[in-house]
Every structure is written in C-alpha cells, then in structure tokens.
Amino acid sequence: DVVSTKVTFIWLCMTMRTMQGFADGIVQVSVMSIILRSVPEKTSGMYVGLTEGLRSIGTLLGPVLGGFLYQSSGWKLPLIVSSSLVTIIAIAFMLLGHSVDHSRLTQIASTASLTKLYCIPQSSLVILACGVSIFTLGFFEPTLLPYLTEEPFRMSTGQVGLLMTGTSIMMGITA
C-alpha cells in the first residue's frame, strides 16, 4: 500500500535491515564499554555473559512477539512497539548515566590488542562461530519466509516467528 513497486519495497527492506545491523553493532559496543567501565575487573566476565544471555532472550522472543503483533494488527504495530521500547531505553540510559573509572580505562587500553585476540585459536573460533550464526539468522529469515507462508506449509506469521526463534536458541544457550 505504501510503496509503489516490489523493487522499491525490496530495496527499502534491505536498507532498513542494514541500518538495523549498524544500530545493533553500535549499541553492542556501547553496552560492553559501559559494562567494562562500571564493574570490577574480577566480575566483568560474569556481567558480559549476563548481558549476552539477556540479549539472546530478546532475540529469542522478538520474532515471536513481532509475528503475533503483525498478525493481530498489521505492519504498523510491531514498528510502534519496537520504536517505543528503543525510546524508553534511550531515555533510561540518558537519565541513569554511568561513572567512568579512568584508571580502569587506561589499564584496558594499555594491555588490549586485537592482534593478540586473533592469535588465540579459541578466540578466532568463537569470532568465526558468531559470524556464521549471525549470517545464518540473517539468511534464513528472509529466505524461508515466502515458502513457509505458502503451500504446503501455510504457516501464520506468528508460527513463522516461533520457528525463527529456533535459530536464536543456540545463541542463548552458548551465551
């Protein structure tokens, strides 16, 4: 209804997904920086793991909720709900703020090296596994959706959302 041609719609969807990926990357870097600045070094691993676990829960439940919202009220409701949540989170971050331990920041900067991280085989494998997982999540959703909503499956958008959570379960378990 809103976009005149399929080609325009497809390009608009790809552009929006790209922007979503950029936003997610920016937020993740910011969140990890805030955690590392805010908690003692001994407990930072626990808090990073907790954050990733909670992110996985959101990744797991988001497609289900989005599918049911779309099914009940069309494409506008999932956008309104997600925009409202992002606005609330942004306001909470601005109001709560955080204190910065500059000595901790200097210590991290002096010992950190991306090259050292990549030289550790386990780190390289984890980075590769994360990349493959993210690629898989990004690939299956737009590829399978047209086939799942037509014959022979005829799944509702809510059912498709439930199915898409299966790929997120592994991320949640491993986080």
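The values are calculated or read from the model by the stated rules, or taken from the named source; none is laboratory data. Source: prediction; values computed, not measured. Methodologically, a virtual Cβ is constructed for each residue, glycine included, from the backbone with ideal geometry; neighbour enumeration extends over all protein chains shown.
Just one residue in the set 89, 35, 57 is touching a Phe, Trp or Tyr at 6+ places or on another chain (Cβ under 7 Å) and modelled with pLDDT under 80; that residue is 35.
Taken over segment 13-50, the criterion of being farther than 30 Å from residue 75 by Cβ and in contact (Cβ under 8 Å) with a residue 12 or more places away in the chain is satisfied by 32, 34, 35, 36, 37, 38, 41, 47, 48, 49. Between 58, 74, 49, the distinction of being under 21 Å from residue 24 (Cα atoms), more than 13 Å from the chain's Cα centre (by Cα) and among the small types (Gly, Ala, Ser) belongs to 49 only. Quick check on residue 68: is it closer than 30 Å to residue 156 by Cα, surrounded by 11 or more Cβ atoms within 10 Å (Cβ to Cβ), of a type in the set (Phe, Trp, Tyr) and at pLDDT 80 or above? Answer is yes for this residue. If the condition is being closer than 19 Å to residue 89 by Cα and over 15 Å from the mean Cα position of the chain (by Cα), then segment 1-35 contributes 33, 34, 35.
Rundown of residues vs (1) exposed (fewer than 13 other Cβ atoms within 10 Å of the Cβ); (2) under 25 Å from residue 157 (Cβ atoms); (3) modelled with pLDDT of 75 or more, yes/no style:
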| position | (1), (2), (3) |
| --- | --- |
| 16 | yes, yes, yes |
| 46 | yes, no, yes |
| 81 | no, yes, yes |
| 107 | yes, no, no |
| 120 | yes, no, no |
